Structure formats: C-alpha cells, structure tokens
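Visitor: Submitted below is the structure of interest, expressed as structure tokens.
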Amino acid sequence: MKKNITIFSLVFILLITYSYASNPNGAPRAETQILNDSLRLVELNTFWNEVSRTVHEGDFEGYKATYHEDAVVVFTTGEKKLSMSITKALVNWKQDFIDTKSGKTQNSVEFRFLQRVGDETTAHETGIFAFRSNDGTGTESPKQYIHFDALLVKRGTTWLMVMEYQKTRATKEEWELLD
C-alpha cells in the first residue's frame, strides 16, 4: 500500500512540476490545484481508513499514532460539554481497544464527508461518523451517527489530527445523504 501511495505521489509531483514549468509566469494553474486537491484527498482517505482499521482491530498504538501529541478532543453531543487533551481521552478509551483486540468486544467506525478543505499540509474535514459496538455477548448497540469536524496537519508524509470535534448527533437519513 505504501509503495502505491509513493508511486502515486511521485506521479503527482512530476505533473505539478510540469505544470509550473509550462506556465510562463510561474503561477499555479487550475490543473495544479486540482492535482494537489486530489492527492490530498487520496492521502486523507488513507488516513481515515487507518482510523477505521485501528478501531476495528483494537490497535491502540496505531490509533494513538493518528493524533498529534498536542491534539484536543471536543465533545458536545451529550448533556455535559467538554474539551480535553488527546492524552486524557486516550486513557479513557484504552480499555475499549484492549477489549476489542482480545475479542471481548467488536467496534467499527466509518466516515462520510460533507466538506473537505485544505492545502498540501493542512485539512479541515467536516462530516458524519458512524460508530457501532458489540459487547461480545451478541448484543449489538445501534449505530451512533455523530456530526464531526477534524483539523489535521501533515508532518512529512504523515497526516495527524490536531482537533476532533464531536458536535451533535446525526440521523441515519443525514448519513445516507453523504458519500
């Protein structure tokens, strides 16, 4: 997978270089912006797939690695509104990952997006995530749909979440309207 992303990235870099070289005034062309956006979205889709994988497999260290060390999580879906460091949130979530990894529970998360804004090193993603949990007894909780915002930065070749904002509950109908 990394090899494919590397090759894909190299092709985009070459196309961007060509676009700049073929434009006499040195300004980026519309095609360059489209290529940049396409590459960013491919990378971000890979990021969100990794988040889903880590939740499904109970890979706590992998999940932790998707966040910037100074990330903040904001929760406003319940009665109690709060904000906390990712370090504190991860302490609260760790047992869920341990239980999933051991097979005691099964968790899954999917993401769909309403708006995706960014450049080569920053991203603001707005959408809905769907989370489902099974406690291992066969009792599956209903899917929870949550409106969210995420701010991400790219460090080297790695996207990291710096802010996760779980805003309000969403409906299945809202979820189905998104791609």
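Visitor: Which residues, taken from region 84-108, are assigned to a strand (DSSP E or B) and touching a Ser or Thr at 6+ places or on another chain (Cβ under 9 Å)? Please lay out each step first, then the result.
Guide: Step one: filter region 84-108 for residues assigned to a strand (DSSP E or B), giving 84-85, 106-108.
Matches in region 84-108: Gln106, Asn107, Ser108.
Visitor: Which residue pairs have Cβ atoms closer than 8 Å, lie 6 or more positions apart in sequence or on different chains, and pair a first residue in region 43-57 that is over 18 Å from Val117 (Cα atoms) with a second residue that is acidic (Asp, Glu)?
Guide: Ser52/Glu110; Arg53/Asp59
Visitor: For region 121-162, how many residues meet the condition of being of a type in the set (Gly, Ala, Ser) and in contact (Cβ under 8 Å) with a residue 12 or more places away in the chain?
Guide: Filtering region 121-162 down to residues of a type in the set (Gly, Ala, Ser) leaves 123, 127, 130, 133, 136, 138, 141, 150, 156.
Then keep just the ones that are in contact (Cβ under 8 Å) with a residue 12 or more places away in the chain; that gives 123, 127, 130, 133, 136, 150.
Total satisfying the criteria: 6.
Visitor: Here is a follow-up. Of everything in region 76-92, what is surrounded by fewer than 18 Cβ atoms within 10 Å (Cβ to Cβ), among the β-branched types (Val, Ile, Thr) and at pLDDT 95 or above? Give them in sequence order.
Guide: Within region 76-92, Thr76, Thr87, Val91 qualify.
Visitor: Moving on to the next point. Does at least one position in region 115-135 carry a residue that is of a type in the set (Ser, Thr, Tyr) and under 17 Å from Tyr63 (Cα atoms)?
Guide: Scanning region 115-135 turns up at least one residue that is of a type in the set (Ser, Thr, Tyr) and under 17 Å from Tyr63 (Cα atoms).
Visitor: Answer with yes or no whether Glu110 is among the acidic types (Asp, Glu), within 26 Å of Asn45 (Cβ to Cβ) and touching a residue at least 24 places away in the same chain (Cβ under 8 Å). Before the answer, list the steps.
Guide: On the way: among the acidic types (Asp, Glu): yes; within 26 Å of Asn45 (Cβ to Cβ): yes; touching a residue at least 24 places away in the same chain (Cβ under 8 Å): yes.
So Glu110 fits the description; yes.
Visitor: Could you list all residues from region 40-75 that are touching an Asp or Glu at 6+ places or on another chain (Cβ under 8 Å), surrounded by fewer than 19 Cβ atoms within 10 Å (Cβ to Cβ) and closer than 15 Å to Asn107 by Cβ?
Guide: Ser52, Arg53, Gly62
The values are calculated or read from the model by the stated rules, or taken from the named source; none is laboratory data. Nothing here was measured: the structure is a model prediction, and the numbers come from that model. Note that we place each Cβ from the backbone using ideal geometry, even for glycine, and neighbour counts take in every protein chain shown.
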